[in-house]
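Beneath this line is the structure, given in structure tokens, with notes to follow.
Bear in mind that the values in this text are calculations on the coordinates, not laboratory data. Keep in mind the model is a prediction, meaning the values are calculated, not measured. Cβ atoms come from the backbone with ideal geometry, glycine included; neighbour counts cover every protein chain shown.
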Amino acid sequence: MTQGHQRSVVAPAEINGWKATGERKYRKRQLYDYIDGGAELYLSYGFNSLASRDYTRPGQPDITLDCFDMGSSHNAFGVFSQSREKIEKDAGQGSEYASGQMIFWKDRYYVSIMSQKETAESKRAVFALARSVADAIPNEGPLPAILNLLPKGELAPESVRYFRHHVWLNSHYYISDQNILRINEKTDAVLAKYGRGLRRTVLLLIEYPDDTEVRLAREDFTERYLPEIVGRRAVRIEDGTWTACDSNGRVFVAVFNASTEQAALRLIDAVRKMMIKSQKQEPEHE
Amino acid sequence: MSNRTHTRRDFLKNAAASAAAGALFLNAPEELAPQAGAKSRVILIRNRNLLDAGGAPRKEVVRQMLDDAVASLLGEKEPLTAWRRLVKPSDVVGVKTNEWSYLRTPVEVEDAIKRRIMDAGVPAGNISISDRGVRGDDIFEKATALVNVRPMRTHHWAGVGSLIKNYIVFSRLPFTHHGDSCADLAEIWSFPEIRGKTRLNILVMFTPLFHGIGPHHFNRTYVWPYQGLLVGTDPVAVDSTGVRILLAKRRRYFREDRPLSPPPKHVFLADTRHHLGTADPNRIELVKLGWKDDVLI
């Protein structure tokens, strides 16, 4: 299994009585052959390669290990964040276990270990295999810096989604079928929910490569989604919730689904404070 | 083809209007297509005894559900009379199934369909059931009629694995239809080997997948025994109804409005852009038969 530039992640040949039965490797175009219909998620996060192997043990369900090299820790975290429902750390830098399946990320790797059915033995093996693979990845990778701009407060940490493709914005909060916020591989976007209950407040931050892009995105957003915002800081939309937006430097900020105008603006202002705090912590450049 | 922007606010202002724009029907035989102003009929049938203790479908219950659904769809008392309106003895019939390993079209459903097509007079040699092998399959290449059947599930990139999407393997280059989260999948339905041939669409809702995680997008946590079938001649109307059930299940499970990831825009664009059918609930006549508990719609 690939790691570093040429080295291999050492997946064990045997774990708790399950024996590996060979390894398959996939590059971009081949990924469709392996996960038909699922490849686009990984491709949209800069997929590099996949190494996959099956483990078998008589009388027990097969276990499949998929180790994705996503090229960077940002991408690995991003793809992991797409489906996270709870905060766990049983392997790597973040993990999640459900019904026989463990997924985790570490450094630039996104790893899935799935038992075809869950038995007590297969669950133990899945956890043991996850820890073994995580230990074979020597370094942890940095998280995207834009996450540092998320105010803590009522943040639901499991709701944080990081992405660089506009499809993933609509996956979690539908705004428009067109990419009106100009999200692409050169932007860093994070979406997070605040509070609890049926209707949570949604915070969206997008960092653009330059001032022109953030200006154009804000203009498009204003013109095509929120024209009433001109001269105001927040707008009450058709469902009775409040939407607000702001931009600061290269970062665009939007709050959706807020129950009151004050709640929307509190979050906008909290992001501003996080930005100031973040700028103070950055080293100065000549 | 319109490239008008559809925003959340548009939907909030009038959820039905945009979906109702172009409910024309290109893919059903003329006698089965709704007339101007008529609604697309969709049958939802459920049976609480469909699945046995091991989760396998009982074949006799499957057959009965399919019979009842098809008869109700065409307003016939006898299922065979209804099937004879769908296929003629001279037809060559391709049954487009789905063999995704984690949640395939149950063999019991395929068998029930084939049995009824044969009962309607089509020789077994003129029927083929296939998924990825449709290209190059003799029967599919000369098919005069198609039956489209697959389970409903969420999908990594298209939002849902739908009846509309089930025909993607008719394309020489399926990945060329992946752009913009598979937005224009319905264009496949205008291929000569498909256009106008689909007599029946069956969305299997025995154990739908309402959320997916990991590279294989499957986890048993996120299936539930809904024990239903959705049946219709309008694939968009059937898919749209299936989507609404998945959304209701997600809302109940996650305890918040949780859109499908990504949104299944191909279902709605199949209506508004490609005019394949209607996705608008106001233009769908939903007939509910059988078990009503937790019907979600």
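Remarks
- Measure of compaction for the range B:159-297 (Cα Rg per 2.2 N^0.38 Å): 1.05
- Radius 9 Å from Cβ of A:Ala76, net charge of other residues (Lys, Arg +1; Asp, Glu -1): 0
- Projecting label points 7 angstrom from Cα along Cα→Cβ for B:Ala248 and A:Gln281 puts them 4.6 nm apart.
- For the range B:53-61, the Karplus equation 6.51 cos²θ - 1.76 cosθ + 1.60, evaluated at θ = phi - 60°, returns couplings of 4, x, x, 8, x, 7, 5, 5, 6 Hz by residue, with Gly and Pro reported as x.
- Per residue of peptide B:205-218, the mean number of Cβ atoms on other chains within 10 Å of the residue Cβ is 5.
- Contour minus Cα-Cα distance for B:Lys77 and B:Lys142 (0.36 nm per residue): 20.2 nm
- Residue by residue, the range B:62-78 carries 3J(HN,Hα) couplings of 4, 4, 5, 4, 5, 4, 4, 5, 5, 4, 5, 4, 9, x, 10, 7, 9 Hz when phi is fed to the Karplus relation 6.51 cos²θ - 1.76 cosθ + 1.60 (θ = phi - 60°); x denotes Gly or Pro.
- Put simply, the C-alpha atoms of the range A:2-136 give a gyration tensor, and the ellipsoid matching it has half-axes of 22, 17, 14 Å, longest first.
- In order through the range B:266-271: 3J(HN,Hα) via Karplus (6.51 cos²θ - 1.76 cosθ + 1.60), integer Hz, x for Gly, Pro: 5, 5, 6, 6, 4, 7
- Distance from the alpha carbon centroid of the range B:209-263 to that of the range A:214-286 works out to 33 angstrom.
- Calculated [θ] (222 nm, deg cm²/dmol) that DSSP helices of n ≥ 4 give over chain B, each run adding -39,500 (n - 2.57): -8000 deg cm²/dmol
- Put simply, the amide H of A:Thr201, placed in the peptide plane, has neighbours under 5 Å in A:Tyr194, leaving out anything fewer than 5 places away on its chain.
- If you take all other residues with their beta carbon under 12 Å from the beta carbon of A:Glu118, and give Lys and Arg +1 and Asp and Glu -1, the sum is +3.
- The protein assembly as shown shape via C-alpha gyration tensor axes, a/c threshold 1.5: oblate
- For A:170-176, mean number of other protein chain Cβ atoms within 10 Å: 6
- Here the simple spin-label model places points 7 Å from the Cα toward Cβ, and for A:Arg196 and B:Ala38 these points are separated by 5.2 nm.
- Other protein chain Cβ atoms within 10 Å, averaged over every residue that makes up A:76-84: 2
- If you run the Gaussian network model on chain B, springs between alpha carbon atoms under 10 Å, then out of B:Lys96, B:Lys249, B:Lys88 the most flexible one is B:Lys88.
- Euclidean distance between Cα centres, the range A:51-72 to the range A:172-208, Å: 33
- Projected label distance in nm at B:Ser171 and B:Lys13, using a 7 Å step from Cα toward the beta-carbon: 3.2
- The alpha carbon radius of gyration of chain B, expressed as a multiple of 2.2 N^0.38 Å, is 0.93.
- Within the shell defined by Cβ-Cβ distances under 11 Å, the residues around B:Arg283 carry a net charge of -2, with Lys and Arg each +1 and Asp and Glu each -1.
- 18 Å Cα-Cα reach of B:Lys288 towards lysines, excluding residues that sit fewer than 8 places from it in its own chain: B:Lys39, B:Lys77, B:Lys249
- Prolate/oblate/rounded call for the range A:145-281, Cα gyration tensor, a/c under 1.5 rounded: rounded
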